[in-house]
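**Student:** I have a structure I would like to understand better, so I am pasting it below and will then ask my questions one at a time.
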Amino acid sequence: MTLEHVAIWTDNLENMGEYYRKYFGGISNELYENPKTGFRSYFLTFQGGARLELMQMTGIPQNLNDTKNKQYLGLIHLAFGVNSKIAVENKALELQSAGYEILRGPRTTGDGYYEFETLDPDGNRIEVTFKL
């Protein structure tokens, strides 16, 4: 069995789509739009086949969790794997240079990964990892 996709509600569909395309290599389908409900979405497919659905619709309430400063029960982060420690460091520098805060790392974890943590434009926690 495979994990088919993960979905994120957003108020800024185009900005989020651009972030995941530009920095993580997501390949997007065409915009899906349902005029009756106002629902709009993109599916982004990543190397290896994982997919992320970005969704927007009026009336979806704001998530009050502040994942930058505190973690909560439930889904907490998306992790993207790269093929070297240098790739982790380069991605951290690229995102930091583009104005995205690096929350922690790059660092070696106790379970054998080299990683850093950041946030996407909506404040969702992202990890970039390399298995040592």
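The values are calculated or read from the model by the stated rules, or taken from the named source; none is laboratory data. Keep in mind that what you see is a predicted model, and the values were worked out from it rather than measured. Heads up, the Cβs are rebuilt from the backbone with ideal geometry, glycines too, and the neighbour counts pull from every protein chain shown.
**Student:** Would you say Pro121 is in a loop (DSSP other than H, G, I, E, B) and either modelled with pLDDT under 95 or assigned by TED's automatic domain parsing to the domain that holds Tyr20 (or both)?
**Tutor:** In short, no.
**Student:** Ok, one more. Which residues, counting only those in segment 1-47, are in contact (Cβ under 8 Å) with a residue 24 or more places away in the chain and either in contact with a Phe, Trp or Tyr (Cβ under 6 Å, 6 or more places away or on another chain) or part of a loop (DSSP other than H, G, I, E, B) (or both)?
**Tutor:** Thr2, Leu3, Glu4, Thr10, Asp11, Asn12, Gly17, Phe24, Gly26, Ser41, Leu44, Phe46, listed by residue number.
**Student:** Please verify whether segment 54-72 includes one or more residues that are among the aliphatic types (A, V, I, L, M) and at pLDDT below 95.
**Tutor:** First pass over segment 54-72, keeping only residues among the aliphatic types (A, V, I, L, M): 54-55, 57, 60, 64.
Next, from what is left, pick out any that are at pLDDT below 95: 60, 64.
Yes - at least one qualifying residue is present in segment 54-72.
**Student:** Additional query: Which one of these is among the acidic types (Asp, Glu) and either under 16 Å from the mean Cα position of the chain (by Cα) or under 24 Å from Thr118 (Cα atoms) (or both): Glu33, Glu53? Walk me through it before giving the result.
**Tutor:** Details: Glu33 fails: either under 16 Å from the mean Cα position of the chain (by Cα) or under 24 Å from Thr118 (Cα atoms) (or both).
The match here is Glu53.
**Student:** Can you tell me which residue is farthest from Met57 (Cα to Cα) among those in segment 8-32 that are small (Gly, Ala, Ser) and surrounded by 13 or more Cβ atoms within 10 Å (Cβ to Cβ)?
**Tutor:** Quick first cut of segment 8-32, residues small (Gly, Ala, Ser) only: 17, 25-26, 28.
Retained after the next criterion (residues that are surrounded by 13 or more Cβ atoms within 10 Å (Cβ to Cβ)): 17, 26, 28.
Numbers: Gly17: 15, Gly26: 22, Ser28: 19 Å.
Across segment 8-32, the extreme among qualifying residues is Gly26.
**Student:** Something else: Enumerate the pairs (first residue in segment 57-69 and among the basic types (Lys, Arg); second residue anywhere and in a loop (DSSP other than H, G, I, E, B)) with beta-carbon separation below 8 Å, excluding pairs fewer than 6 apart on the same chain, so at least 6 apart or on different chains.
**Tutor:** Lys68/Glu101; Lys68/Gly123
**Student:** Among the candidates Phe39, Phe80, which residue alone is under 18 Å from Gly17 (Cβ atoms), exposed (fewer than 15 other Cβ atoms within 10 Å of the Cβ) and modelled with pLDDT of 95 or more?
**Tutor:** Phe39
**Student:** Taking segment 70-99 on its own, how many of its residues are under 23 Å from Arg51 (Cβ atoms) and free of Cβ contacts under 8 Å to residues at least 24 places away in the same chain?
**Tutor:** Here the count works out to 1.
**Student:** Filter segment 77-95 down to residues that are under 22 Å from Leu13 (Cβ atoms) and outside any strand (DSSP E or B), then give me how many there are.
**Tutor:** Residues in segment 77-95 being under 22 Å from Leu13 (Cβ atoms) and outside any strand (DSSP E or B): 1 in total.
**Student:** Given (1) among the charged types (D, E, K, R); (2) in the same structural domain as Tyr19 (by TED's automatic domain parsing); (3) in contact with an Asp or Glu (Cβ under 8 Å, 6 or more places away or on another chain), identify the lone condition not met by Lys36.
**Tutor:** Lys36 satisfies every listed condition except (3).
**Student:** When you scan segment 110-128, do you find a residue that is in contact with a Ser or Thr (Cβ under 6 Å, 6 or more places away or on another chain), farther than 18 Å from Val6 by Cα and surrounded by fewer than 14 Cβ atoms within 10 Å (Cβ to Cβ), even just one?
**Tutor:** No, there is no match, as no residue in segment 110-128 is in contact with a Ser or Thr (Cβ under 6 Å, 6 or more places away or on another chain), farther than 18 Å from Val6 by Cα and surrounded by fewer than 14 Cβ atoms within 10 Å (Cβ to Cβ).
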